[in-house]
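Step one of this worksheet: look at the structure below.
Laboratory data are not the source of any read-out in this text; all were calculated from the coordinates shown. All values reported here derive from a predicted model rather than from experimental measurement. All Cβ positions, glycine included, derive from the backbone under ideal geometry; neighbour counts span all protein chains shown.
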Amino acid sequence: MPVVDLAVTSKRALNESLHALAPDTNETLWRVENPGGQHALAVGLDVPVTVEIAGHAGYYCGGMNRQATIVVEGNAGVGVGENMMSGRIHVLGDASQSAGATAHGGLLVIDGNASARCGTSMKGVDIVVKGSIGPMSAFMAQSGALVVLGDAGDALGDSIYEARLYVRGEVKSLGADCIEKELRDEHRAELRRLLDAAGLDGAVKVEDFRRYGSARTLYNFHVDHAGAY
C-alpha cells in the first residue's frame, strides 16, 4: 500500500502519481497522511483505486472523480465531490458548502452535517447526509437523489428540476417550485438502496422520510408567475 506523507511530499506530486496509474494497476489502496486541510486532494481521478485521507481535506477534495473511492477521515471543505462522474466519496466528518455540486454520478456519503447549497445543480449523483444540511440545498437540482437523515435549512430544492429529495427531519422552508410529494414504492426502494449503500442497512426505516420534488410550474416562463422567480 503506497503511503504518501504530505508533510514531506507535495500535493502536486501526490495527484500526479494518482493520475499516472494504469487502469489495471495493482496499487489499488493509497494512504495520505498529514493532509493538513490542503485543497484539491485526489482530484480528477479516473482509476478504480481507494484513497484514504487521514485527516481533514480542504476545498474540492475528490473533484471530478471517476471510478475511485475516496475516504476523508475528517472534515471536508467547500465543494467536496464537485462535478464527480462516478465512484464513491465518504466523508467521516462534516462537509462545508456545495458538497456534490454539479456532480453527474457516483455516491457521496457524509457522516456529519453538510453546510449550505449541498447538491447544488446535481445532475445524477446520489448524496446521503447522515446529519443535517444548510440553506439552499439542491438548488436547481436536475437529477439524482439527496437523502438527509437530519433537518434541512431554508429554501430546500429552490428551482428544482427532477431530482428526488428525501428528508427524515424538519424542513425549515421549501424553495420556489419545490413541494412535498407522495412516497411511492419505487421511492421506498430507491431510499432503501441508498441507505444500505451508506452503511445504514436495517438501522433506519424508509417510512420515516418525506419526499420532495418539483411542482413543475417553472419549466416555462409565464408572466403571471414572475414573482416566483
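Structure data summary
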{"read-out": "FRET efficiency, residue 170 to residue 192 (Cβ-Cβ, R0 25 Å, nearest 0.05)", "value": "0.65"}
{"read-out": "Rounded Å value of the spacing that divides the Cα centres of segment 142-193 and segment 81-125", "value": "15"}
{"read-out": "Computed E for residue 85/residue 180 - FRET, C-beta separation, R0 45 angstrom, nearest 0.05", "value": "0.90"}
{"read-out": "Mean ellipticity per residue at 222 nm, deg cm²/dmol - from DSSP H runs of n ≥ 4 across the chain, formula -39500 (n - 2.57)", "value": "-3000 deg cm²/dmol"}
{"read-out": "Loop sites in segment 141-202: GluC sites (Glu not before Pro), DSSP, at most 12 other Cβ within 10 Å", "value": "162, 170, 182"}
{"read-out": "Dipole magnitude (debye, nearest 20) for segment 144-198, charges at Cβ of Lys, Arg, Asp, Glu", "value": "220"}
{"read-out": "Nearest-0.05 FRET efficiency for residue 162 and residue 200, computed from C-beta distance (R0 35 Å)", "value": "0.90"}
{"read-out": "Size of electric dipole in the chain: Cβ of Lys, Arg +1 and of Asp, Glu -1, about Cα centre, debye, nearest 20", "value": "200"}
{"read-out": "Cα-based Lys proximity count in segment 3-217, under 25 Å, for pairs eight or more positions apart or on separate chains", "value": "8"}
{"read-out": "Fluctuation leader among 141, 13, 57 - the chain, Gaussian network, Cα springs under 10 angstrom", "value": "13"}
{"read-out": "Kirkwood estimate for segment 1-64, i.e. one over the average of 1/r between Cα atoms, Å", "value": "11.7"}
{"read-out": "For the chain, with +1 on Lys and Arg beta carbons and -1 on Asp and Glu, the positive-most of 133, 161, 79 along the dipole", "value": "161"}
{"read-out": "Tilt relative to the chain, helix 185-197 - C-alpha long axis, 0 to 90 degrees, to 10", "value": "20"}
{"read-out": "Residues 28, 120, 217, sorted so that the one with the fewest Cβ neighbours within 10 Å comes first", "value": "217, 28, 120"}
{"read-out": "Least to most buried among 69, 9 (fewest other Cβ within 10 Å first)", "value": "9, 69"}
{"read-out": "Residue order, fewest to most surrounding Cβ atoms within 10 angstrom, among 118, 178, 61", "value": "178, 61, 118"}
{"read-out": "Loop-resident sites, segment 40-139, for trypsin sites (Lys or Arg not before Pro), counting at most 13 other Cβ within 10 Å (DSSP)", "value": "none"}
{"read-out": "Cα pair distances exceeding 32 angstrom across the chain, given as percent", "value": "21"}
{"read-out": "Beta bridges by DSSP in segment 3-217, antiparallel share as percent, to the nearest 5", "value": "15"}
